[in-house]
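The values are calculated or read from the model by the stated rules, or taken from the named source; none is laboratory data. From a predicted model like this one, the values you see are computed outputs, not experimental measurements. Positions of Cβ are backbone-derived with ideal geometry, glycine not excepted, and every protein chain shown enters the neighbour counts. In case anyone asks, the SASA skips ligands and DNA or RNA and just uses the protein heavy atoms, side chains included. Shrake-Rupley method; radii C 1.70, N 1.55, O 1.52, S 1.80 Å.
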Amino acid sequence: NAGVTQTPKFRILKIGQSMTLQCTQDMNHNYMYWYRQDPGMGLKLIYYSVGAGITDKGEVPNGYNVSRSTTEDFPLRLELAAPSQTSVYFCATGGTSGRASVEQYFGPGTRLTVT
Amino acid sequence: QQQVKQSPQSLIVQKGGISIINCAYENTAFDYFPWYQQFPGKGPALLIAIRPDVSEKKEGRFTISFNKSAKQFSLHIMDSQPGDSATYFCAASMGSRRAAGNKLTFGGGTRVLVKP
């Protein structure tokens with residue numbers, strides 16, 4: 001039971017390049033989230049999903065896209081990387097019943113630098 | 001309306017001392033208040049959480065105090081240990097409203113250093 005896994009761990013992008021951050025969970029949770037954490041700051045929600053085929057914007061969605069074709073996977077796409085997207089990206093999951101309905105479980109993060 | 005404000009940004013405490021971190025929120029629809037602990041290079045991990053129907057919750061050396069009327073809540077770390085050195089985040093969500101996706105709004109974080 002790996003929980004929430006994210007790949008890659010680190011990535012350096014040039015301005016204008018694109019990439020996909022991968023997130024996979026084996027907790028059978030319906031809810032999945034993408035956050036970004038800038039240095040010395042809290043986490044801000046980019047996008048979230050309440051189930052396969054359903055996604056919605058969070059607080060800072062500009063410059064990102066997501067899809068959710070399966071319960072397990074929730075990739076985050078950066079189309080035209082900008083220096084402002086330099087950050088650490090965390091994927092998280094949440095369940096829909098019992099205690100898991102409010103707790104969120106975070107992956108180890110992807111550190112992205114755009115130069 | 002969605003902000004959660006956290007203070008202080010950092011604190012240093014001696015081993016055995018008490019660490020106190022405060023948070024204030026604006027949205028009265030929030031009904032779930034977790035605290036997360038994050039070590040360098042790791043993702044946040046849930047430490048303790050409280051709902052507004054109680055004023056205090058204790059788990060081991062960690063206690064949340066909640067003041068609904070003031071819209072404030074705080075984390076107390078008793079008998080602080082060097083292993084508690086980490087960044088702590090408060091958060092809030094409308095946990096009972098599943099249609100809202102249980103989205104968390106985070107405070108800015110507090111870096112705690114416990115000196116031996």
Study note, to complete from the structure: All conditions in (1) farther than 20 Å from B:Thr105 by Cα; (2) within 14 Å of chain B (Cβ to nearest Cβ); (3) in contact (Cβ under 8 Å) with a residue 60 or more places away in the chain are true of A:Ala2 except (3)
**Study point:** Unique match (being at the interface with another protein chain (Cβ under 10 Å from one of its Cβ atoms) and without any contact (Cβ under 8 Å) to a residue 40 or more places away in the chain) among A:Gly58, A:Gly53
**Key:** A:Gly58
Check your understanding: Can you pull out the residues in the range B:73-116 that are in a loop (DSSP other than H, G, I, E, B), surrounded by fewer than 16 Cβ atoms within 10 Å (Cβ to Cβ) and modelled with pLDDT under 95?
Key -> B:Ser96, B:Arg97, B:Pro116
Review point. What about A:Leu80, is it within 29 Å of B:Arg111 (Cα to Cα) and aliphatic (A, V, I, L, M)?
Key: no
Revision key, fill the gap. Among residues of the range A:63-96 being free of Cβ contacts under 8 Å to residues at least 60 places away in the same chain, within 14 Å of chain B (Cβ to nearest Cβ) and part of a loop (DSSP other than H, G, I, E, B), the residue nearest to A:Gly42 (Cα to Cα) is A:Phe74
Review point. List the pairs whose first member sits in the range A:23-40 and is at positive phi, whose second member is open to solvent by 10 Å² or more (accessible area, probe 1.4 Å), and whose Cβ atoms are under 7 Å apart, counting only residues at least 6 apart or on separate chains?
Key: A:Asn28/A:Thr71
**Study point:** Yes/no for A:Ile46 being assigned to a strand (DSSP E or B) and open to solvent by 50 Å² or more (accessible area, probe 1.4 Å)
**Key:** no
Review point. Just wondering, is there one or more residues in the range A:52-59 that are open to solvent by 10 Å² or more (accessible area, probe 1.4 Å), in contact with a strand residue (DSSP E or B) (Cβ under 7 Å, 6 or more places away or on another chain), at negative phi and among the hydrophobic types (A, V, I, L, M, F, W, C)?
Key: no
